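Taking it in order: structure first as structure tokens, then the write-up.
Just so it is clear, none of the values below were taken in a lab; they were calculated from the coordinates. Just so you know, these numbers come straight off a predicted model, no measurement behind them.
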Amino acid sequence: MEKNIEDLECRIAFQEATIQELSDQLYLQHKTLEAMDLRIQRLTTQFAEQSEAMASIGADSDAASNIPPHY
């Protein structure tokens, strides 16, 4: 009976350590995902701004783009 209790205590200790390790990893992954989400938002904003800038440049230079390069 004493041996069974010791085995159970060892299993519980091991499981608690494993749960803590998993919790720590989950926290790190959550932080990584938050950082990635922020980077994606910034890149999306930059892309939209650059697309608008390119569109306005393209609209202004449509007449110039129809002239062949050797003129």
For Ala13 and Arg39 in one chain, what is 0.36 nm times their gap in residues minus the Cα-Cα distance, to one decimal in nm?
-> 5.4 nm
May I ask you to compute the full-extension gain from Gln46 to Glu21, defined as 0.36 nm times their residue separation minus their alpha-carbon distance, rounded to one decimal in nm?
-> 5.2 nm
In Hz, Karplus ³J(HN,Hα) per residue of the range 17-31 (6.51, -1.76, 1.60; θ = phi - 60°; x = Gly, Pro) = 5, 5, 4, 5, 4, 5, 5, 4, 5, 4, 4, 4, 5, 4, 5
